[in-house]
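First up is the structure itself, then whatever we jot down about it.
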Amino acid sequence: MEKPKILFISSFLLFPNTHTGGSKRLWYFANEIQKYADLYVIACDECKEIAALNNSPPSFKNFIYVNTERCFLSKIIFPFGFNLSPLIDKKKILKILNSNQFDCVIVAFPRALSLMRLKSLKKIKKFIYIEDDLIINVYKERFKKRKNLLKKIYNLYCYFAALSLYKKMIKRISNFICISQEEREYILKHWPNIKTTIISYGIPTEEYPLLPLPKEKNIGFIGNYFHPPNMDALNFILNEIFPFINTKEPEIKLVLAGRGLPKNIKEKYHNENIILMDEVFDLQEFYKKIAIFINPIRIQGGVRTKLIEVAAFGRPIISTRLGAEGLYELKIEFAENAQDFYERIKYLIKFKEEKLYDIINWNREAVEKNYCIENVTKKLVEIIKATTPA
């Protein structure tokens, strides 16, 4: 029996070593889909990971990267515009479209959604759309929180630009894949007649072994710092949370890792109390060094993908409520400010090992039951089959 042909258009590069939660989620989806379908991938680089992709083995047989990078002024004036590198990328896209009849098209995140306005892609009348950390919600929240008047106005402008993009595309979306009930309700509030489905994040649990706790009581954070919520969390940790903890418990060290650590931070904070690991290709190297994971995310929503990995590796979690949105099955300690984080860390450190492992084992079982990639992807495959002609 001939495999169905599926086109996957992504705003992010799809490869296993990405440090961006949304990108990794899409890679897992695509990797599972290609087991049953003839998959073609068109990918942009919204998170600036092309160098890391070039150092990784190819994940897909049919893969093209399209460069949508634009000048600063263009980004300001047209936040959801695009500028394909002259003709070359247009020819790549046309070659795929003209030589294949696709049974189903999946589009992921706003940059890819904006590409659907291309003349060559307009002939795709219906597609499945995937997004978390809804961009319209992001700009709305930024508008509320910004104190600078110009930044407030710009974020309001971006909000309406995003809203305009959705309005143009909403009739072509056959199913809007959300990551949490909160995001589903937000979409339905704007477009009550659109079909929506909740599909959470998933991981191949066999690649995330339960690790023994280290003797050191180190705390840690990892992320892609080109992603604004992670950069905000990093500044929150370095300027407020860790200085407060360090004055109370000087023996606790902070471990930071991830792609895009700014040079000024590397120079300023590399000392005996702060361990900087920069980019980590084997996540176990990072998690073996920490006893507690802190997640002080203050902007954007969606399911926090890295927390599922943290729980799988067996590390207790302290997070803001926003940072743990959608993860109702996990046991998580909540904190909103430096004092809160210190008290939660102190609380966990005082636990007897057996009680700590009760939390660890609970979270591991919750991951295996609710966030196994094979089970999660089954829902997406069912949706694909429902839209694929028999």
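Read-outs: derived from the displayed coordinates by stated rules, not from any lab. The structure displayed is predicted, hence computed values, not measured ones. Every residue, glycine as well, gets a Cβ built from its backbone with ideal geometry; the counts of neighbours run over all protein chains shown.
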Original post:
Using alpha-carbon pairs under 8 Å, 6+ residues apart, how would you state the relative contact order of the chain in percent?
Top reply: 16
Subject >> Assigned charges on the beta-carbon of Lys, Arg, Asp, Glu; the chain dipole about Cα centre (debye) >> reply: 1940
Subject >> For residue 41, residues with placed amide H under 5 Å, excluding near neighbours >> reply: 8, 62, 63, 64
Original post:
How far is helix 353-370 tilted off the main Cα axis of the chain, in degrees rounded to 10, range 0 to 90?
Top reply: 10
Subject >> For the chain, built as a Gaussian network whose Cα springs stay under 10 Å, the top-fluctuating residue of 219, 177, 76 >> reply: 76
Original post:
Expressed as an acute angle from 0 to 90° and rounded to the nearest 10, what is the orientation of the C-alpha long axis of helix 181-190 relative to the principal long axis of the chain?
Top reply: 40
Original post:
Working out 0.36 nm times the residue gap between residue 273 and residue 123, then minus their Cα-Cα distance, what length gain in nm do you get to one decimal?
Top reply: 48.3 nm
Original post:
Can you list residues whose amide H is under 5 Å from residue 130's amide H, if they're 5+ apart or on another chain and H is modeled 1.01 Å from N?
Top reply: 107, 108, 109, 177
Original post:
Label-point separation (nm) for residue 198 and residue 172, each offset 7 Å from Cα along Cα-to-Cβ?
Top reply: 2.9
**OP:** Report the one residue of 7, 134, 163 whose Cα lies farthest in the direction of the positive end of the charge dipole of the chain (charges on C-beta: Lys and Arg +1, Asp and Glu -1; origin at the Cα centre).
**Re:** 163
Subject >> Gain in span if fully extended, residue 100 to residue 151, counting 0.36 nm per residue against the direct Cα distance >> reply: 13.9 nm
**OP:** For each pair in 140/171; 48/140; 215/266, compute the distance between the two Cα atoms and list the pairs where it is over 32 Å.
**Re:** none
Original post:
Rg and Dmax of the range 202-358, Cα atoms, in Å?
Top reply: 14.4, 41
Subject >> Residues with amide H under 5 Å from that of residue 334, placed H, sequence gap 5 or more >> reply: 319
Original post:
For the chain, what class follows from the C-alpha gyration tensor (a ≥ b ≥ c being the square roots of its eigenvalues): rounded when a/c is under 1.5, otherwise prolate if a/b is larger than b/c, else oblate?
Top reply: prolate
**OP:** Return 18, 197 ranked ascending by Cβ neighbour count within 10 Å, so the fewest neighbours appear first.
**Re:** 197, 18
Original post:
Relative to the longest principal axis of the chain, what angle (0 to 90°, nearest 10) does the C-alpha long axis of helix 21-33 take?
Top reply: 50
Original post:
How many nm is it between the label spots at residue 288 and residue 251, if each spot is 7 Å from the Cα in line with the beta carbon?
Top reply: 2.4
Subject >> Phi to ³J(HN,Hα) by Karplus 6.51 cos²θ - 1.76 cosθ + 1.60 over the range 287-295, Hz, x for Gly, Pro >> reply: 5, 5, 8, 10, 9, 9, 9, 9, 9
